[in-house]
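Written below as structure tokens is the structure these notes are about.
What follows is calculated from the coordinates using simple rules that are stated; it is not laboratory data. All figures in this text were calculated on a predicted structure; none of them were measured in a lab. Heads up, the Cβs are rebuilt from the backbone with ideal geometry, glycines too, and the neighbour counts pull from every protein chain shown.
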Amino acid sequence: MSPSRSKIDPAEDLASMDEPVSPLLDPRSGAPLALPSIARAVHWYDLAQLVALGEAGVIDAATAAACLRILRAADPDGGGDGPLAAEEHWHRGESLLVRELGPEGGGMLDAGRSRHDLFGVVWRIQTREALLAVLEALGSWREALLEAANRGLHTVLPDFARGEGQVTTVGHQLHGFAVAAERDHARLEAAFLSVNTSPAGAAAGVGTLFPIDRARLAALLGFDGTAANTRDALHNDAMWEAAGATAILVANLVGFADQLFTWHRLGFVDVADRSSSEGSPAPGRPAGSVLGELARLAHARTGGRAHVNHPVEDWDEQLGGQRAAFWLLRVLASVVGDLELHTSAMAEAAATSWGHLADLGAILVRERGLSWRAAHRLVAAVARRAEERAVAPRGLTADLIEDCARDLLGRPVQVASDQIERALDAAARVDRRAVLGGPSPLEMRAQITEARSRLVDERRELAVWRGRLVRVEPGLRDADRDG
């Protein structure tokens, strides 16, 4: 393989491609990222607020029950979200209560809260749902990666990521992306915990004179805890944390899409276009072209998602980032499951790259007593002379190496033919890289087993969080009957 093939840039052909024709890549297809509407999140806070006001004795039990009955019968999504700045959007519940019960009976809903903690509660409700959905999709993506990595433990290919064509395996490459995805999980989990902290009852930053139980409000709304300081409760750095964690995830996913496209350009992989009835490419369209579409769309539809400057605009921008990540995770999990590996092309590329010279250098160090510096200079000289003489890697001989050694080191190194053969054997080269995290199949199998175990534990935790959020709305229907 010519070294120039390692210079393939996934972006080269993307801009000129036609619009995608594969429904797999259409963000409108499949299950969208479903979030509670702004109106519904406000509605939940209204219900929790009434329960807390009644339990604190700020309003009498009969009035609290009447208000709850009216709000529970209302459709929070009936009027749509409307513009964020519209006053009626945030105070629709109070308007309904005043209309039904008059200002005396229905005018206490906002006692002890302000637009600041109302805004904080609502964006946190939407954002925590988005983060949890992304975390769940990330779990499916990691599972798909680990499964594909396990299938590719013995499939050798050259890794041109550093331009050297060192031999590795498909399993090692995919496990590397799974490791990055595990870090993404840790960042998103931390962001979820920061977001899922309640500001309710902080009012305008100094709390309230009404004896409202802030911890009770947090529990009713499904939050894991309550902000410890009412001023800090209104700080929006958790929004930036969520945006940052999502932006890093998207960058990693776009990098994987680029890698797939590069592998396709090198003839290593294709993917079946499952959008056609036979599960094969559309007429006149290569099976792997979906990978080019994917790489282009990943760049186009996930750009600029990490900018955070103003709370209201950032809220929408940040949710846009989570929608992009959710779409990309869903698509990539499907694509990885359908990858067709051209193992013969990979093996041929591994055998015809000069990456094996690093192994030859290591053998000379360990078995012929050369310093690493001397061995490194020698194999570099061997590669230059071989290319000058049009000698392919498979044609490397002891005579050529000894000629270079005499010119460079002033003495022969007594390299043996079996040492050259071991350096050229791609599978053996992989087996020798048994260091922690190396591509050796034994090492990778152990790493994949451990990663799967961690994924099971993390999914169990996500299920607990999901159960807590699912119970919020039913719990608010019955909360006034507690105790």
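Residue by residue, region 166-174 carries 3J(HN,Hα) couplings of 4, 7, 8, 10, 4, x, 5, 4, 5 Hz when phi is fed to the Karplus relation 6.51 cos²θ - 1.76 cosθ + 1.60 (θ = phi - 60°); x denotes Gly or Pro. Here's how it looks for Thr226: its modeled amide H is under 5 Å from those of Ser198, which are all 5 or more places away or on a different chain. When only alpha carbons of region 356-436 are considered, Rg and Dmax amount to 12.1, 39 Å.
Positive end of the dipole of region 351-483 (Cβ unit charges, origin at the Cα centre): among Leu370, Ser353, Ala428, the Cα lying farthest that way belongs to Leu370.
Between the amide H of Asp159 and those of Gly165, Gln166, Val167, Thr168, distances stay under 5 Å, these residues lying 5 or more places away or on another chain, with hydrogens modeled in the peptide plane. Would you work out the Kirkwood radius for region 364-408? I mean one over the mean of 1/r across all pairs of different Cα atoms, in Å. Final number for the Kirkwood radius of region 364-408 is 10.8 Å.
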